[in-house]
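Trainee: My questions will all concern the structure given below.
The values are calculated or read from the model by the stated rules, or taken from the named source; none is laboratory data. If you're wondering where the values come from, they're calculated on a predicted model, not measured in any experiment. Positions of Cβ are backbone-derived with ideal geometry, glycine not excepted, and every protein chain shown enters the neighbour counts. Heavy atoms of the whole protein, side chains included, go into the accessibility calculation; ligands, DNA and RNA do not. Shrake-Rupley method; radii C 1.70, N 1.55, O 1.52, S 1.80 Å.
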Amino acid sequence: MNIRIAAQIAQTHLLAKKRQTLVAMLGVTFGIAMFITMISFMQGVNQFLEDSALDASPHVRMYNEVNTQRPSLIEQLNPGGFNVVYHQKPKDELARLKNGLAIADRIAKEPGVLGVSPQVATQVFYNNGPIQLSGTISGVDIERENRLYTLTSRLKSGSINALRTNPDGLIMGSTLARKLNVRTGDKVTITTPGGGTRILRVVGTFGFGVGTVDNTKSYANLSTVQEILQKDPSYITDIHIKMFDPLQALPFGRQLRAEYGYYTEDWATANQAILAGEQIRNMLTYVVSITLLVVAGFGIYNIMNMTVINKIKDIAILKATGFDGKDIVAIFLLQAMFIGLSGGLLGLGIGFSLSYLLSITPFEAGDFLSIKTFPVIFSGTYYAMGLVFGVVTTVLAGYFPSRKAAKVDPVSILRG
Amino acid sequence: MSTVLKAQHVNKYFYDPETFQVLKDITFEVQKGEFLSIVGKSGCGKSTLLYLLSTMDTDYEGAIEMAGVTLKGRNQDFLAHFRNEHLGFVFQFHFLLPEFTTLQNVMLPGLKLGKYPEKEVEDRAMEKLRLIGMAEHARKPASKLSGGQQQRVAIARALINDPTIIMGDEPTGNLDKANTENVFEIFHELADKGQTIIAVTHDPDFAAGTDRIIEMSDGSIISEHKNP
């Protein structure tokens, strides 16, 4: 087999039927362009949702799960016996992490940990005049919290320094602030479940772009919240941990749980709905893209089949003058490959342009999502995948007609 | 003189629509440098015989030996290579590749053989085109040539690899008188230079100009005689 002559003949065939070649190419181009656009956009959406979920939630959260169910004393002493206890009250157990601050400092020294923020979180009522809204308040060391969630970039008004200098300061979720009709500088009354009240001044508002956070959460100083709850300065209910690599958080969470005996929750468990949605979108993307490519493949198959039928005399003459089956396969397969490769490359270009246009298209997502344009990911992997898919489809689509061409019996054609 | 082609007891059947014996016990030899014509009426099996000799049709009984090589039972790739190296064809309906230029058409079998570099194949192709008087049309697409011109180019193509035998299936069957004479003239010149040629024809004038005539009827050779 001599690939150079085969290529020369393939080239002549392609150039002789420019329009047909172009149509076949455009089939692949369209398929690949759609594939690139869809996958870039879908993965962009996935990444965005994952990021916003991951940004707003810790990779690992350690807390003490208060268990209200406990066996009665008599049940412990006489298990399996006929024991009847009515209306047993739960034990007064604190949601605290014992030695929480010390644990936080130790975790911060572990490798792979980006930051640790020990905090006190509690449910509260926010009162402003007659309005009463329920929410949560987190007492944090704002420096450490900032390291985890880059609060500075999420502030809509005020500053985090104002919280450090003002012990009665409060940084409030932007949606919550709007509902309470308060702005930076206004005062809000906080009521804890224990009954304690305190008047705090709003020194800033933030927006994570995640509804459940912006709607309910506020940050205050750790000591302030401890005071409102009438607890000592070592009272810690939650430790939030961020890792350099989110995937490391899963085994790390399990390790911490075994080490300290407190309940840990990783981001994957906390955001199962988002991850499930991601899988469904991925599936959808691949199904649609592969369908498009298969359709393009059938287009090529058709055109190659027609070419083989049109060129049947030429095939006979080539065979008569000494070209063997492999040469004939090479001639037609090269044509299919050229169509696949050039159509594919053009498709990559168009796919890139479409994704770029999408990425600069304004998109008003409201309060829930903090984006201004459609999220699109530009990744070389998708382009490589698109090209590989395109070439494989066209080679398959070109192979069967080429094999048919190789089996042409020259005698029956040449005898007329 | 050496024998370049030997056919022994060749039988061939067509099976569709019913079994029918086209060739019956064909035995003959061709010497090197001979200009042989096979004549006979339509349907006598002369073309079928030529396609057996051409190695493209492999479904027969008996033995065919060419250039010292037994051709029975060889695989298709071997036969393709053998055709490329040892055989040149001229068909009734000229059969050039229409998208290629005259020169490219002549060059293709030479490039396939790969015996010479491309530049040399081109020089040789030009030389063959000059031989048949088509050199000035070398850069024209084959589809722009007249029937007679195409047939002459087909002869040049058959010559490109200096084949052992040139085979022609009614090489003048589709041409007018002037072109027939022209093509015949070329064949004759080649034969004079020692080229072995086997041509199937039903043109008695053409046959009369060859060295030897084999006459066939109903699948058998009925007579064989040398021309003076």
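Trainee: Can you tell me how many residues within the range A:291-338 are more than 14 Å from chain B (Cβ to nearest Cβ) and among the aliphatic types (A, V, I, L, M)?
Mentor: 15
Trainee: Could you please find all residues in the range A:188-207 being surrounded by fewer than 21 Cβ atoms within 10 Å (Cβ to Cβ) and out of contact with any Phe, Trp or Tyr (no Cβ under 6 Å at 6 or more places or on another chain)?
Mentor: A:T189, A:T192, A:P193, A:G194, A:G195, A:G196, A:T197, A:R198, A:I199, A:R201, A:G207
Trainee: So which residues in the range B:53-95 are facing chain A (nearest Cβ under 8 Å), in contact (Cβ under 8 Å) with a residue 60 or more places away in the chain and in a loop (DSSP other than H, G, I, E, B), if there are any at all?
Mentor: Selection gives B:S54, B:F91, B:Q92, B:F93.
Trainee: If I ask for residues that are farther than 17 Å from B:N84 by Cα, touching a residue at least 12 places away in the same chain (Cβ under 8 Å) and more than 10 Å from chain A (Cβ to nearest Cβ), which ones from the range B:100-121 would you list?
Mentor: B:T102, B:L103
Trainee: I've got another one for you. Quick check, is A:A24 surrounded by 12 or more Cβ atoms within 10 Å (Cβ to Cβ) and without any contact (Cβ under 8 Å) to a residue 40 or more places away in the chain? Give the derivation first.
Mentor: On the way: surrounded by 12 or more Cβ atoms within 10 Å (Cβ to Cβ): yes; without any contact (Cβ under 8 Å) to a residue 40 or more places away in the chain: no.
Spelling it out, it is not the case that A:A24 is surrounded by 12 or more Cβ atoms within 10 Å (Cβ to Cβ) and without any contact (Cβ under 8 Å) to a residue 40 or more places away in the chain.
Trainee: Quick check on the range B:131-138. Is at least one of its residues surrounded by fewer than 21 Cβ atoms within 10 Å (Cβ to Cβ), part of a helix (DSSP H, G or I), out of contact with any strand residue (DSSP E or B) (no Cβ under 6 Å at 6 or more places or on another chain) and within 13 Å of chain A (Cβ to nearest Cβ)?
Mentor: Looking through the range B:131-138, none of the residues is surrounded by fewer than 21 Cβ atoms within 10 Å (Cβ to Cβ), part of a helix (DSSP H, G or I), out of contact with any strand residue (DSSP E or B) (no Cβ under 6 Å at 6 or more places or on another chain) and within 13 Å of chain A (Cβ to nearest Cβ).
Trainee: Please specify each residue of the range B:61-82 satisfying the condition of being within 16 Å of B:S220 (Cβ to Cβ) and either open to solvent by less than 20 Å² (accessible area, probe 1.4 Å) or at pLDDT below 80 (or both).
Mentor: none
Trainee: Please determine whether any residue of the range A:241-255 is free of Cβ contacts under 8 Å to residues at least 60 places away in the same chain and among the small types (G, A, S). Steps first, please.
Mentor: Step one: of the range A:241-255, the residues free of Cβ contacts under 8 Å to residues at least 60 places away in the same chain are A:247, A:250-251, A:254-255.
In the following step, the residues that additionally are among the small types (G, A, S) were identified as none.
Among the residues of the range A:241-255, not one is free of Cβ contacts under 8 Å to residues at least 60 places away in the same chain and among the small types (G, A, S), which makes the answer no.
Trainee: Does any residue of the range A:295-309 turn out to be more than 10 Å from A:P401 (Cβ to Cβ), at pLDDT below 85 and among the aliphatic types (A, V, I, L, M)?
Mentor: Our first condition is that a residue be more than 10 Å from A:P401 (Cβ to Cβ); within the range A:295-309, this holds for A:295-299.
Among the residues that remain, those that are also at pLDDT below 85 are: A:295-299.
Those left that are additionally among the aliphatic types (A, V, I, L, M): A:295-296.
There is at least one residue in the range A:295-309 that is more than 10 Å from A:P401 (Cβ to Cβ), at pLDDT below 85 and among the aliphatic types (A, V, I, L, M).
Trainee: Continuing with the same structure: B:P141 fails exactly one of the following numbered conditions: (1) under 20 Å from the mean Cα position of the chain (by Cα); (2) within 13 Å of chain A (Cβ to nearest Cβ). What is the number of that condition?
Mentor: Of (1) under 20 Å from the mean Cα position of the chain (by Cα); (2) within 13 Å of chain A (Cβ to nearest Cβ), only one is false for B:P141: (1).
Trainee: Criterion first (basic (K, R), open to solvent by 10 Å² or more (accessible area, probe 1.4 Å) and outside any helix (DSSP H, G or I)) does B:K112 satisfy it?
Mentor: So B:K112 fails the test.
Trainee: So, in the range A:106-164, how many residues would count as being within 19 Å of A:G253 (Cα to Cα), hydrophobic (A, V, I, L, M, F, W, C) and surrounded by 15 or more Cβ atoms within 10 Å (Cβ to Cβ)?
Mentor: The number of residues fulfilling the criteria is 5.
Trainee: Got at least one residue in the range A:302-315 being touching an Asp or Glu at 6+ places or on another chain (Cβ under 9 Å) and either without any contact (Cβ under 8 Å) to a residue 24 or more places away in the chain or open to solvent by less than 10 Å² (accessible area, probe 1.4 Å) (or both)?
Mentor: Checked against the condition, which is being touching an Asp or Glu at 6+ places or on another chain (Cβ under 9 Å) and either without any contact (Cβ under 8 Å) to a residue 24 or more places away in the chain or open to solvent by less than 10 Å² (accessible area, probe 1.4 Å) (or both), the range A:302-315 yields at least one hit.
Trainee: Right, another one. Could you list, in sequence order, all residues of the range A:165-187 that are hydrophobic (A, V, I, L, M, F, W, C) and either closer than 20 Å to A:G209 by Cβ or exposed (fewer than 15 other Cβ atoms within 10 Å of the Cβ) (or both)?
Mentor: A:I171, A:M172, A:L176, A:A177, A:L180
Trainee: Filter the range A:272-308 down to the residues that are of a type in the set (F, W, Y) and more than 19 Å from the chain's Cα centre (by Cα), then identify the one that is nearest to A:I32 (Cα to Cα).
Mentor: Of everything passing the filter in the range A:272-308, A:F298 is nearest to A:I32 (Cα to Cα).
Trainee: For A:R415, are the conditions met, namely being within 14 Å of another protein chain (Cβ to nearest Cβ), surrounded by 14 or more Cβ atoms within 10 Å (Cβ to Cβ) and in contact with a Ser or Thr (Cβ under 7 Å, 6 or more places away or on another chain)?
Mentor: yes
Trainee: Take the residues of the range A:256-289 that are in contact with a strand residue (DSSP E or B) (Cβ under 9 Å, 6 or more places away or on another chain), assigned to a helix (DSSP H, G or I) and open to solvent by less than 80 Å² (accessible area, probe 1.4 Å): which is farthest from A:A102 (Cα to Cα)?
Mentor: Narrowing the range A:256-289 to residues in contact with a strand residue (DSSP E or B) (Cβ under 9 Å, 6 or more places away or on another chain): A:256-257, A:260, A:262-267, A:270.
Filter once more, so that each one left must be assigned to a helix (DSSP H, G or I): A:256-257, A:260, A:267, A:270.
Next cut, open to solvent by less than 80 Å² (accessible area, probe 1.4 Å) only: A:256, A:260, A:267, A:270.
Details: A:L256: 14, A:Y260: 11, A:W267: 23, A:A270: 25 Å.
Filtering the range A:256-289 for residues that are in contact with a strand residue (DSSP E or B) (Cβ under 9 Å, 6 or more places away or on another chain), assigned to a helix (DSSP H, G or I) and open to solvent by less than 80 Å² (accessible area, probe 1.4 Å), the one farthest from A:A102 (Cα to Cα) comes out as A:A270.
Trainee: When you check A:Q43 against the structure, is it exposed (fewer than 12 other Cβ atoms within 10 Å of the Cβ), assigned to a helix (DSSP H, G or I) and away from chain B (no Cβ under 14 Å), yes or no?
Mentor: no
Trainee: If I filter the range B:159-182 for residues that are open to solvent by less than 30 Å² (accessible area, probe 1.4 Å), within 14 Å of chain A (Cβ to nearest Cβ) and part of a helix (DSSP H, G or I), do I get at least one hit?
Mentor: yes
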